[in-house]
Amino acid sequence: MTQSIPHTHHDRLLIIDFGSQVTQLIARRLRELNVYCEIHPFNKVDDAFLAAFAPKAVIFSGGPASVFADGAPMPPKGVFDMGVPILGICYGQQVMMHCLGGRVERGHGTAEFGRAYVTPTAARLPILDGWFAEGREQVWMSHGDHVSEIAPGFEVYGTSPNAPFAITADPARRFFAVQFHPEVHHTPKGAKLYENFVRLAGFKGDWTMGAYREEAIRKIREQVGDQKVICGLSGGVDSSVAAVLIHEAIGDQLTCVFVDHGLLRLGEAEQVVTMFRDHYNMPLIHADESDLFLGALEGVSDPEVKRKTIGRLFIEVFEKHAKSVGGATFLAQGTLYPDVIESVSFSGGPSVTIKSHHNVGGLPEKMGMKLVEPLRELFKDEVRALGRELGLPDAFIGRHPFPGPGLAIRCPGEITREKLDILRRADAVYIDQIRKHGLYDEIWQAFAAILPMRTVGVMGDGRTYDYALALRAVTSVDGMTADYYPFTHDFLGETATRIINEVQGVNRVFYDCTSKPPGTIELE
Ligand code: XMP
């Protein structure tokens, strides 16, 4: 996949990834400037790739390696002869100096991590327009090795106490190299530096959502021709935006399959069906398979067994209904860019599986289908912007993520219809509270979970022996890490009271104050 060349007729910027933790942020900063860019790992970029990709500018990311290490990551030699501007960041700077005749030295006491201040040298540099109005700028450093001698043709434009070559450039060749990370928020003028760089490179900044929509539609038509496409619709933002976009491109050649596994929230199935079948007029199969799923989950309390059972059944059910469409050759998926970026791994070892995520992986091969993935160049917030461009209602686009296994993983222990019913009603009250208090958009994800225990309470004059609920609400940027949301005590008290009063079967409510790590967002 890495070697695929974009069809876009927009100017392209190539980010060569040397394995920095923050390479994706470079892409975010550029996309914010309406510049089309792609991240490719250094070991997949050779001269032939460069020629085919034809970038208008190149950025070398940072990375954890040392240019002294055996097999140190290097860019293809030809990149320096393309006549396009290059910006090297951190390791990218070191590699540039190393390749062009400068010198890099090992850390030894000059390593620098965190905030630093860069002051300018006398000369001005176009990529520093807007910098140094106050004399110095805060930047974010994270390096062990450092440049000790710049390459011929380069000059120094900024220094910091531990990085005498914090900003270097060869303006004639339009090669720029900085020791710090302009893509992180802790370099407040970093976005300006990127803006100056792309302007200097001649980007028009015309990669907008409107343009993306038109291009995506053209590409879908080209790819699909007069064949049929099926799309697994979950009601989540990604599959919804993908479905609406594909429907706009090929109309009724698309059929959506919405598998209701009986683990959805209150009113969710109706909302999805109303929106897509009635509002968008899409051919939609509403597969109510709750008996099948809930039957298979009877007596299952192990989280991984639950996840695997749901994943397996989902594929079986989807396949069955997809056959009924008759002769679909394409499967549409809402794959996003972060799922596609091939990461540069230096440790090599596989990471530990914390949870088996449910998705439709494995389906295309099993069914002999080709994939249509119109969102694979977009980040999540760009998908939301595209959704808005396509007219999907804000309330739909801004919805909190909902996991594929649904309420199954919010019902630790054995799943019963009774528990699911209580959970659905309690969750609806909780979300209603959050919306009423205007907190919904501040929270990444909020939900109720029903705990595998009953507790004693007293209501009116009687004893109760009912379920306990846990409420969860977290803030997060990407779901990888999260913090619990600090509701006021009043809010929590009011919500607990409402749930216990309005939902029969619950007599106790807890609030989960665990961050991720050490917790995870879902309970299972
Ligand atoms: P955890 O619980 O791992 O969740 O901290 C991180 C994010 O992923 C969502 N999640 C899933 N999404 N299929 C999905 O599509 C899954 O199997 C799945 N499991 C967790 C979770 O809701 C949170 O947003």
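Data table
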| item | result |
| --- | --- |
| Relative contact order (%) - criterion: Cα under 8 Å, at least six apart; region: region 400-520 | 25 |
| Net lengthening on full extension, Ala133/Leu292 (0.36 nm per residue, minus Cα-Cα) | 50.6 nm |
| Helix-only mean residue ellipticity at 222 nm for the chain, each DSSP H run of n ≥ 4 adding -39500 (n - 2.57), per residue, nearest 500 | -9500 deg cm²/dmol |
| Arg106-Arg221 pseudo-label distance in nm [points 7 Å out on the Cα-to-Cβ vector] | 6.1 |
| Length added when fully stretched, Ala211-Asp421, from 0.36 nm per residue minus Cα-Cα | 71.1 nm |
| Distance-filtered residues of region 411-426 - backbone nitrogen under 14 Å, label point 7 angstrom along Thr514 Cα→Cβ | 411-413 |
| Gap separating the Cα centres of region 294-340 and region 116-133, nearest whole Å | 54 |
| Sites His357 and Arg173 - FRET efficiency at Förster radius 45 Å, r taken between beta-carbons, to 0.05 | 0.50 |
| Dimensionless Rg ratio for region 44-174, taking C-alpha atoms and the 2.2 N^0.38 Å reference | 1.06 |
| Degrees between helix 190-201 axis and first principal axis of the chain (Cα, 0 to 90, nearest 10) | 60 |
| Virtual spin-label span in nm between His489 and Glu442, 7 Å along Cα→Cβ | 1.8 |
| Average Cα contact separation per residue, the chain, under 8 Å, 6 or more apart, as relative contact order % | 10 |
| Nearest-ten-degree value, helix 91-100 long axis tilted from longest Cα axis of the chain | 30 |
| Residues Gln271 and His186, FRET efficiency given R0 of 41 Å [Cβ-Cβ distance, rounded to 0.05] | 0.50 |
| Cα→Cβ-extended label distance, 7 Å offset, between Asp70 and Lys323, nm | 5.4 |
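Values quoted throughout were computed directly from the atomic coordinates according to the rules given, and no laboratory measurement underlies them. Because the structure is predicted, anything quoted here is derived from the model rather than measured. So basically every Cβ, Gly included, is an ideal-geometry build from the backbone, and we count neighbours across all protein chains shown.
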